[in-house]
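Shown next, in structure tokens, is the structure this report addresses.
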Amino acid sequence: MDHRHRSGYVIGGLGVMVERRRFVRVDSHVSVSYQVIDAAKATSSTTQNISGSGLRFLAQHVLAVGTPLD
């Protein structure tokens, strides 16, 4: 039996955590700018991690899922 963990890992036999994501996430703090499409100006932020399929950053405002960014 395995137990799903919200981080993308699966806790399998003997309590070993196994990465289930397609791409590994790498902690990386890089300055970025993002702009909601049709917004007046860009906003600065810092990434928390980066993977082969995307990145995670701290937004200054709540962004709805699917909000298009530039």
Go through region 28-45 residue by residue and tally those that are in a loop (DSSP other than H, G, I, E, B) and open to solvent by less than 60 Å² (accessible area, probe 1.4 Å).
-> 4
Is there any pair with a first residue in region 37-62 that is under 23 Å from Arg21 (Cα atoms) and a second that is of a type in the set (Lys, Arg) and surrounded by 10 or more Cβ atoms within 10 Å (Cβ to Cβ) whose Cβ atoms are under 6 Å apart and which are 6 or more apart or on different chains, and what are they?
-> Gln48/Arg56; Asn49/Arg25; Asn49/Arg56; Ser51/Arg25
Over region 46-70, the set of residues surrounded by 12 or more Cβ atoms within 10 Å (Cβ to Cβ) and in a strand (DSSP E or B) is Thr47, Gln48, Asn49, Ile50, Ser51, Leu55, Arg56, Phe57, Leu69
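The values are calculated or read from the model by the stated rules, or taken from the named source; none is laboratory data. Remember, it's a predicted structure, so these values are computed and weren't measured experimentally. Virtual Cβ from ideal backbone geometry, glycine too; neighbours counted across all protein chains shown. When the accessible area is computed, the model is the full protein with side chains, heavy atoms only, and any ligands, DNA or RNA have been set aside. Shrake-Rupley method; radii C 1.70, N 1.55, O 1.52, S 1.80 Å.
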